[in-house]
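These notes are about the structure you will find just below.
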2 protein chains.
Amino acid sequence: MRISVILAHPSAESFNAAIAAAAVSALKRNGHRVCFHDLYRERFDPVLPAREIPKGSRLPALIGKHCAEIVRADGLVLVHPNWWGEPPAILKGWVDRVLRAGVAYDFPDGPEGAAGLPIKLLKIKTALVLNTSDTAAARERRVLGDPLQRLWTNTLRYCGVRSVRRTMYRIIVTSTLRQRAAWLADTRARVSALFPPDKKSR
Amino acid sequence: MRISVILAHPSAESFNAAIAAAAVSALKRNGHRVCFHDLYRERFDPVLPAREIPKGSRLPALIGKHCAEIVRADGLVLVHPNWWGEPPAILKGWVDRVLRAGVAYDFPDGPEGAAGLPIKLLKIKTALVLNTSDTAAARERRVLGDPLQRLWTNTLRYCGVRSVRRTMYRIIVTSTLRQRAAWLADTRARVSALFPPDKKSR
């Protein structure tokens, strides 16, 4: 299968980067074709300009590449820290610019308000969202309500992704090396279970 | 009072820009000092770099200016379209870079996971979030669950804002000029009611 892995963290030495690397290696070991994007490293510009909003508008090369990849992907892995119950801006902008009308979804005629529900264009069946957090689970549930679950489920289902799985690793800031190693093993196991080796590619 | 108005929309001719202008003019008419930022026009960079994450790190001039303004603000008006249940990336990045530890909140000692609840640093009492949407209200409630309400309430209360009001204007794409004029009048009325003339400044 073709699996896109998208990482959004400012530091190349972050635990998020280690999670993404663990996901990529597990996918490759299972024989998948991986499109890996470290959005910070590739200096992805998350600011959607007005000229890109109309469907079918001419896209910069990097955005066009992201769009082509997500259309062809069979699976998706997103890795990011929880910043204010949302992804970092660089990943929010990846959503704004890449999951665009005519690429990730479409309308039968006219906009949703006028014409009803969107047509889902992505063929991705399963997405896995891997998050890190420094907020305790009880406080997250009681006070904050875990907005990330809703945001990713809404966004990806809108585009046709059927199954959105999510795992939150916490608390990062006080974690031990041993705990981190266990989390990375968990990442490899989850990725491998969701994206097992293709029968035909073996 | 000092009121910050933050606009996030790619087009200077957008209805969001008209809403922001209506808010600014109502605030000025009431005698308030307005700090207005059109994030797209000022080419705000929403990508938080690793070197800015530590508390007390040296900030670029524009970020420092935003931080100084939000610390001194008595009120806040945010204007943005609903993109995927979240603000546009440029405004998410304003949150990531401006509402920072040591400016908008702090911890007694160490991070939240270790040391408990944040200290709220902003003196803003009231924030008003003005949104536009092309999704019908019933579908928003039933399918999407209005994540914006939770995101802004969580984020701003975390920093000490006591009252977070929000209004959603919809459906923009099929609206008439007359409807839009009524919405702008609604904006002026809401802004004026939340931020009436200061007694001492009259």
At a Förster distance of 30 Å, what's the computed FRET efficiency of residue B:65 paired with residue A:142, Cβ-Cβ distance as r, to 0.05?
0.25
Can you compute 3J(HN,Hα) from phi for each residue in the stretch A:60-68, using the Karplus curve 6.51 cos²θ - 1.76 cosθ + 1.60 with θ = phi - 60°, rounded to whole Hz and x for Gly and Pro?
x, 4, 5, 5, x, 5, 4, 4, 4
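How much mean residue ellipticity at 222 nm does chain A get from its helices, if each DSSP H run of length 4 or more adds -39500 (n - 2.57) and you divide by all residues, to the nearest 500 deg cm²/dmol? Please report the intermediate quantities before stating the final value.
Details: 6 runs with 71 residues, N = 202.
Calculated from helices alone, the mean residue ellipticity at 222 nm is -11000 deg cm²/dmol.
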Please list, in chain and number order, the residues 5+ apart from residue A:166 or on another chain whose amide H is under 5 Å from its amide H, with Hs placed from the backbone.
A:129
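Given 0.36 nm per residue, what is the gain on full extension from residue B:106 to residue B:182 after removing their alpha carbon distance, in nm? Write down the numbers at each step before the final one.
Numbers: separation 76, 0.36 × 76 = 27.36 nm, distance 4.12 nm.
Taking residue B:106 through residue B:182 to full extension adds about 23.2 nm, to one decimal.
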In the stretch A:130-201, if the dipole is taken from +1 on Lys/Arg beta carbons and -1 on Asp/Glu beta carbons about the Cα centre, which of A:168, A:196, A:131 is farthest to the positive end?
A:196
Label-point gap, in nm, between residue B:50 and residue B:117 - each point 7 angstrom along Cα→Cβ:
3.5
Using each residue's phi in the stretch B:42-52, evaluate 6.51 cos²θ - 1.76 cosθ + 1.60 at θ = phi - 60° and report the 3J(HN,Hα) Karplus result to the nearest Hz, with x for Gly and Pro.
8, 6, 4, 8, x, 8, 5, x, 4, 5, 8
Percent relative contact order of chain B, based on C-alpha pairs within less than 8 angstrom and at least six residues apart?
26
Dipole in debye (nearest 20) - the stretch A:2-194, about Cα centre, beta carbon charges: Lys, Arg +1; Asp, Glu -1:
560
Treating every alpha carbon of the stretch B:1-157 as one equal point scatterer without solvent, the Debye formula yields log10 I(q)/I(0) values at q = 0.09, 0.15, 0.21 Å⁻¹ of -0.31, -0.87, -1.47
Computed over all unlike Cα pairs, the Kirkwood hydrodynamic radius of the stretch B:17-56 in Å stands at 12.7
Which entries of A:28/A:120; A:65/B:55; A:65/B:92; A:120/B:92 have Cα-Cα distances beyond 30 Å here?
A:65/B:55
Please state the equivalent ellipsoid semi-axes for the stretch A:66-193: what are the square roots of 5 times the Cα gyration tensor eigenvalues, largest first, in whole Å?
30, 17, 12
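Within 10 Å of each residue's Cβ, count the other Cβ atoms and sort B:91, A:194 from fewest upward. Numbers along the way, then the final one.
On the way: B:91 25, A:194 18.
Ranked by crowding around the Cβ, least crowded first: A:194, B:91.
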Non-local residues with an amide H under 5 Å from the amide H of residue B:5, with H modelled 1.01 Å from N and Pro and chain starts lacking one, are B:35, B:36, B:37, B:77
Run through every distinct alpha carbon pair of the protein assembly as shown and return the Kirkwood hydrodynamic radius in angstroms, one decimal place.
22.2
Using a Förster radius of 51 Å, what is the FRET efficiency between residue B:125 and residue A:41 based on their Cβ-Cβ separation? Nearest 0.05, please.
0.80
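Each value in this text was obtained by applying a stated rule to the coordinates, not by laboratory testing. The structure presented is a predicted model; accordingly, all values stated were derived computationally and were not measured. Every residue, glycine as well, gets a Cβ built from its backbone with ideal geometry; the counts of neighbours run over all protein chains shown.
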